[in-house]
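*Asks:* Take this structure first; my questions come after.
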Amino acid sequence: MLLGCVPGLAAVLALVMCAATVDRAQTGPARPSVARPAAAHPGPRPPILPRSTWLDAASTHAQPAPRYDDRVVAVFVHHTDSPNGYDCADAPRIIRDLYAGQTGPKDWDDIGYNFLVDRCGTIYEGRAGGIDRPVTGAHTQGFNHRTAGVAAIGTFTSGTPVPRAMTDAIARLVAWKLGISDTDPRAIVRLRSSNSLSRFSAGTSAALPTVAGHNAAFMTTCPGAALTARLPAIRDEAARLQGR
């Protein structure tokens, strides 16, 4: 499950639908990251704040070494199902609460999302392992391999305004992350489900957008109807940033 958290104690206690859909961290040896030729359509790397921005020593717990895939060929977009009216200066605290909820009651080894974006367009590193590397996340049940998970901080159900700064930042992040593998953000990719709790039974090869909402792979409303409606524009802008 994904834990849609709210600031404070509720972040540790509340379980929400968007959180109910994530593979628990897999065990087994890490996959080494493989050197690849330079991409023909690289996207510029956006500013990304490191984990140290939101995770202090008092909040950190012991965790195993990160796991890696050979590349990232798709991005799943989520929302955190938390309040929208926050001050962007509070985003690090909100992320820390999400981390506490997922590593506490859920007993995950780390926050599930690879990246988080606040309403002002600031991008934060989520799961540990290296911003530039294909870190295996825990964000989309059955489809955590060869994908990255980016969470929009807030709740974006039907009729909710989605900040332009947020969607522009997601597009920049998508353009860069998929550009490393020379993947077109407007394309369709085949991913193999690892878990029958997803929309696809384990072992099924599913055709999914390279930039997909969480709901494309799991029975959930995440990332909300309003943010889902913005995905086509995010794909187009990411492709433009890659020079396609």
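*Asks:* Restricting attention to the range 115-141, report how many residues are surrounded by 24 or more Cβ atoms within 10 Å (Cβ to Cβ), in a loop (DSSP other than H, G, I, E, B) and of a type in the set (A, V, I, L, M, F, W, C).
*Replies:* Matching residues across the range 115-141 total 1.
*Asks:* Here's something else I'd like to know. Are any of the residues in the range 175-187 under 24 Å from TYR99 (Cβ atoms), in contact (Cβ under 8 Å) with a residue 12 or more places away in the chain and either among the charged types (D, E, K, R) or surrounded by 24 or more Cβ atoms within 10 Å (Cβ to Cβ) (or both)? Full working, then the answer.
*Replies:* Kept after step one, since they are under 24 Å from TYR99 (Cβ atoms), are these residues of the range 175-187: 176-177.
Narrowing further to those that are in contact (Cβ under 8 Å) with a residue 12 or more places away in the chain: 176-177.
Of the ones still in play, those that are also either among the charged types (D, E, K, R) or surrounded by 24 or more Cβ atoms within 10 Å (Cβ to Cβ) (or both) are 177.
The answer is yes; a qualifying residue exists.
*Asks:* If GLY203 satisfies all but one of (1) of a type in the set (Gly, Ala, Ser); (2) in contact with a strand residue (DSSP E or B) (Cβ under 8 Å, 6 or more places away or on another chain); (3) touching a residue at least 12 places away in the same chain (Cβ under 8 Å), what's the number of the condition it fails?
*Replies:* (3)
*Asks:* Looking only at the range 76-114, which residues are more than 14 Å from VAL162 (Cα to Cα), of a type in the set (Asp, Glu) and either surrounded by 19 or more Cβ atoms within 10 Å (Cβ to Cβ) or modelled with pLDDT of 95 or more (or both)?
*Replies:* Narrowing the range 76-114 to residues more than 14 Å from VAL162 (Cα to Cα): 76, 87-114.
Of the ones still in play, those that are also of a type in the set (Asp, Glu) are 87, 90, 97, 107, 109-110.
Selection gives ASP87, ASP90, ASP97, ASP109, ASP110.
*Asks:* Does LEU208 qualify as being touching a Gly at 6+ places or on another chain (Cβ under 9 Å) and in contact (Cβ under 8 Å) with a residue 60 or more places away in the chain? Show your work before the answer.
*Replies:* Values: touching a Gly at 6+ places or on another chain (Cβ under 9 Å): no; in contact (Cβ under 8 Å) with a residue 60 or more places away in the chain: yes.
In short, no.
Listed here are the residues, each with its yes/no results for (1) over 15 Å from the mean Cα position of the chain (by Cα); (2) of a type in the set (A, V, I, L, M, F, W, C); (3) over 23 Å from ALA233 (Cα atoms); (4) modelled with pLDDT of 95 or more.
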site: ALA128; (1), (2), (3), (4): no, yes, yes, yes
site: GLY149; (1), (2), (3), (4): no, no, no, yes
site: LEU178; (1), (2), (3), (4): no, yes, no, yes
site: ILE188; (1), (2), (3), (4): yes, yes, no, yes
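*Asks:* Now, a different point. Looking for something closer than 17 Å to ASP56 by Cα and among the hydroxyl-bearing types (Ser, Thr, Tyr) - is there at least one such residue anywhere in the range 101-111? It would help to see each step written out before you state the result.
*Replies:* Taking the range 101-111 and keeping what is closer than 17 Å to ASP56 by Cα, we get 101-104, 109-111.
Among the residues that remain, those that are also among the hydroxyl-bearing types (Ser, Thr, Tyr) are: 103.
Yes, some residue in the range 101-111 is closer than 17 Å to ASP56 by Cα and among the hydroxyl-bearing types (Ser, Thr, Tyr).
*Asks:* Follow-up question, since we're still on this one. Of all residues in the range 41-98, how many are closer than 28 Å to ALA225 by Cβ, of a type in the set (Val, Ile, Thr) and not in a loop (DSSP other than H, G, I, E, B)?
*Replies:* Of the residues in the range 41-98, 4 are closer than 28 Å to ALA225 by Cβ, of a type in the set (Val, Ile, Thr) and not in a loop (DSSP other than H, G, I, E, B).
*Asks:* Then there is this: Is one or more of the residues making up the range 73-94 small (Gly, Ala, Ser) and in contact with a helix residue (DSSP H, G or I) (Cβ under 6 Å, 6 or more places away or on another chain)? Step through it out loud before you land on a result.
*Replies:* Going residue by residue through the range 73-94, those that are small (Gly, Ala, Ser) are 74, 82, 85, 89, 91.
From the residues that got through so far, the ones that are in contact with a helix residue (DSSP H, G or I) (Cβ under 6 Å, 6 or more places away or on another chain) too are none.
No, because not a single residue in the range 73-94 is small (Gly, Ala, Ser) and in contact with a helix residue (DSSP H, G or I) (Cβ under 6 Å, 6 or more places away or on another chain).
*Asks:* Quick one: how many residues across the range 96-133 are in contact (Cβ under 8 Å) with a residue 60 or more places away in the chain, touching a helix residue (DSSP H, G or I) at 6+ places or on another chain (Cβ under 7 Å) and among the hydrophobic types (A, V, I, L, M, F, W, C)?
*Replies:* 6
The values are calculated or read from the model by the stated rules, or taken from the named source; none is laboratory data. Treat the numbers as computed from the prediction; the structure is a model and nothing was measured. Glycine also receives a Cβ, built like all others from the backbone with ideal geometry; neighbour counts cover every protein chain displayed.
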